[in-house]
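Sharing a structure below in structure tokens format, with a few things to ask.
No lab work stands behind these numbers, since they all come straight from the coordinates. Since we're looking at a predicted model, the values are computed, not measured. Methodologically, a virtual Cβ is constructed for each residue, glycine included, from the backbone with ideal geometry; neighbour enumeration extends over all protein chains shown.
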Amino acid sequence: MKLLRWPLRLAVLGFLGGCWLFAGIYLYLSPNLPDVETLRDVRLQTPMRVYTRDGELIGQFGEQKRNPLNYDQIPQQFVQALLAAEDDGFFRHGGIDFGGLLRAVSELVLTGEKVSGGSTLTMQVARNYFLTLERTFMRKFNEILLAIEIERRLSKEEIFELYVNRVFLGHRAYGFEAASQVYYGKGIAELSLAQHAMLAGIPKAPSRNNPISGPEAGKDRRNWILRRMVTLGYIDQAAYDKAVVAPVLASQHGARISLEAQYAAEMARRQMVERYGMSAYNEGYSVYTTLDSKLQQVASDAVVDGLITYDSRHGYRGPEQQLLEGALPPDAALPLEEWLDVLDNTPAIAGLEPAVVTAIDEAGIQVLLADSQQVRIEWENGLRQARPYISEDRMGSTPTAPADVVSLGDLIRVKPGASNEWRFAQVPEAQAALVSLNPDNGAIVSLVGGIGFEKSKFNRATQAQRQPGSNLKPFLYSAALNAGFTAASIINDAPIVMEDRSLEGVWRPENDSGRFFGPTRLRWALTKSRNLVSIRLLQQLGVRKFIDYAQQLGFDTEDFAPDLSLALGTHAMNPLEIAGAYAILANGGFRVEPFLIQRIDTLAGETVFEARPPTVCRDCDENAAVAVNPKELSMEEILLAKQRDALPRAQRVMDERVNFIIDSILQDVIKDGTGRRALVLKRGDLAGKTGTTNGPMDAWFSGYNPDVVTTTWVGFDNYTPLGRREFGGTAALPIWINYMREALEGIPERSRSLPAGISYVRIDPETGLLAPADQRNAIFEYFRNEHLPEAGEGANTGPRGTDELIQEIF
């Protein structure tokens, strides 16, 4: 008994000494420990996500990919896999696994290496949220103390949730849901047992054990976890046998973007950074845009199809690269692995996939795709039609065999066709843009800034400054109607020669046809887009009066050149500006501001911003209307407006009667003018205007009905001509038609009511004057009551008097 007394005393003293030591360390360190309560309000760095108005994801921005989960959203099978991998006693211990700590210390003393970890999940939470990764005893003591405190304040489920959402898992993924999306392209609830075990093994060595960077090491770790799950009774032998032989199939996945809208998503990103600074990237904001997901996809398809159709009229420009250096020896194998590396680094653009030609025969070719698949393209599937490009106005001879078109090693483009067949293709060099708005409030319904964000991130819908050409004429004619001209005013369509000092010569503008048609009514001149009439009209109206009117409509006129070239749309603008102006024509004469962001929600679901744009109210008292300049209000203003139960009211900027008359003329553009192709839509409420600039370098079509306004543009980024047979009606209008066909589906036709103060009278089409009752070729025309034409002979030449030959010096 005496022999046991001293060891017992030493043990008791050692225990008491340890307690005193621990207490002393606690008293020393505890004042500096962070407040565990902050974990209840922890703000994970969660990326910003951008959605359409109906909730489809179109963009994700932020360095750290993170998708936080609640505990009840975590599959039980994954919970067990993670416990088997990291801390099977988690739900039993109080934050510290003393047995595990002693085992880790003894292994370190005996082997000099750290064989097994002694950290519990709670200790890892303490380290991940509060501490650095330095390896010191003091940090370890802090970790232990924090773990004890965390266990006192939080439930086990809360602690587990914190760990699952914070841990780094390679490839910029933080948290297991984000890792599941990155490695497998789907949520953690959709994964198999083998995939759950693979993910659970990553935290030990994120760079080495993840299934992309280290598939073999990750597989070894996975299989060890599966064996542990059997030992712990989480799974049976049959489940283990199935999971352990599962192949490691993982690849890099981005956010699950639902549709093509990168240009709009990038616009939203820029606006969010302007609003919130760099915190926009990591506060987990959900940004809901005004885009309609269905129509956005239709817009993207319409732009791609329109550009491919245009491109097919101008010939095949040759391969993007030739990968075979020199002639291939007769028995040499093709360098397929090298070609696959090139294909891996060549993105698909607008659905056009890169491919390398591996075989050619009389009936077609064989190509290698990026997924290692080799497919065949028959002669009739695009090869026979591939006449060589010489210039935008000229193509070479029709090929007679596939070898006339391609060579071995050519890097080309292909696209899937019907019945699993593939077609020969090329990425168009021309670009296009489409903007579609709700004319009543300016909400952007669809926006496409180019053929593919992968090819060019330059957003032509908002950043390209291009001459609108005749697309601007409706606003000149509106200014003229507002000043007292009528749709029946006669102006001479005849040659004009003007001295132009800026060009050190003379200016001889022409109509697109090169012909002149003499005295012409304004309605017919706009319908047929007569340039000479427009120039004379601007001269009679006065350049300054037109600029002032354009400013009233909302155009930025600061850089408008004060000369007659404005009549031909020479001032550069972007498609979004043009669409916003055409909204005035579509909505009856009210100015609306295009906007993209409808609502911003925080990670917690709280709405911190909601757009309340100035909106057209046709039944409201216009005398009570006030101009509302800002389209965005603070939350306080939003609440106040909701209490008033009223949206800000759009300001009228165009006389209702002028708007009615110009709309009727633009409907004639569709029925009898340069927009006749749109008759294929078989609607009576469409109006619009083509636009083509010198070269021609730009092709436009802007058109609308009372529900949708859309602008399309086609051109080259380097300002080269589109081809002498290309116009707004051939290049841009088909894109508009394909989009509007879907945008107006199910929407009934709407005709405009005749405003008060307008008369519809019979006139002589030759003179614009009132027609006698017995005149057989008389036509009807709309007039404001104060500008009714006179009866009698002679031409009605407008408020400026007779039309004179113009000799203008700039």
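Starting from the Cα of K473, draw a straight line to each of the aspartates and glutamates and keep only those under 13 Å, dropping any in the same chain fewer than 8 residues away.
Those aspartates and glutamates meeting the cut-off are D663.
Ok, one more. Past the 30 Å Cα-Cα mark, which pairs from K294/K455; K545/K689; K545/K682; K219/K455? It would help to have the intermediate numbers written out before the result.
Working: K294/K455 23 Å; K545/K689 23 Å; K545/K682 38 Å; K219/K455 37 Å.
Distance filter (> 30 Å) returns K545/K682; K219/K455.
Once you have all Cα-Cα distances for the range 312-365, histogram them in 10 Å bins from zero and send the whole-percent values.
Bin by bin from 0 Å, the calculated values are 17, 47, 31, 6.
Once you have a ≥ b ≥ c as the square roots of the Cα gyration tensor eigenvalues for the range 514-581, tell me rounded if a/c is under 1.5, and otherwise prolate or oblate according to whether a/b is larger than b/c.
Details: a/c = 2.09, a/b = 1.63, b/c = 1.28.
Note, shape of the range 514-581 comes out prolate.
May I ask you to derive the relative contact order of the range 642-712, considering only C-alpha pairs under 8 Å and at least 6 residues apart, and to give it as an integer percent? Walk me through the numbers before you get to the answer.
Working: 67 pairs, mean separation 13.3, N = 71.
This gives 19 percent for the range 642-712.
Same structure again: Given Cβ point charges of +1 (Lys, Arg) and -1 (Asp, Glu) and nothing else, what value in debye, to the nearest 20, does the dipole of the range 292-352 about its Cα centre take? Kindly include the intermediate steps, with their values, before the conclusion.
Values: 3 positive and 11 negative charges, 87 e Å.
Magnitude of the dipole: close to 420 debye.
Something else now. Quick check: from the Cα gyration tensor, does the range 693-799 come out rounded (a/c under 1.5), prolate or oblate? Numbers along the way, then the final one.
On the way: a/c = 3.10, a/b = 1.71, b/c = 1.82.
Note, shape of the range 693-799 comes out oblate.
Apply the Karplus curve 6.51 cos²θ - 1.76 cosθ + 1.60, θ = phi - 60°, to the phi angles in the range 610-617 and return the couplings in whole Hz, x for Gly and Pro.
9, 6, 10, x, x, 10, 5, 10
Restricting attention to the alpha-carbon atoms of the range 641-714, what are Rg (one decimal) and Dmax (integer), both in Å?
Values for the range 641-714 (Cα only, Rg and Dmax): 16.2, 55 Å.
Semi-axes, largest first, in whole Å: what does sqrt of 5 times each Cα gyration tensor eigenvalue give for the range 177-266?
Values: eigenvalues 170, 39, 20 Å².
Gyration-tensor ellipsoid for the range 177-266: 29, 14, 10 Å.
Once the principal axes of the Cα atoms of the range 544-620 are found, what is the range along each, listed largest first in whole angstroms?
57, 32, 16
Separate question: Give me the base-10 log of I(q)/I(0) for the range 268-345 at each q in 0.14, 0.16, 0.27 Å⁻¹, Debye formula, one uniform scatterer per Cα, rounded to two decimals.
Per q value, in the given order, log10 I(q)/I(0) is -0.86, -0.89, -1.19.
If you don't mind, there's one more thing I want to ask. Sorted by mean Cβ packing within 10 Å, highest first, what order do the peptides 703-716, 214-227 take? Write down the numbers at each step before the final one.
On the way: 703-716: 26.0, 214-227: 19.9.
The densest-packed peptide leads the list: 703-716, 214-227.
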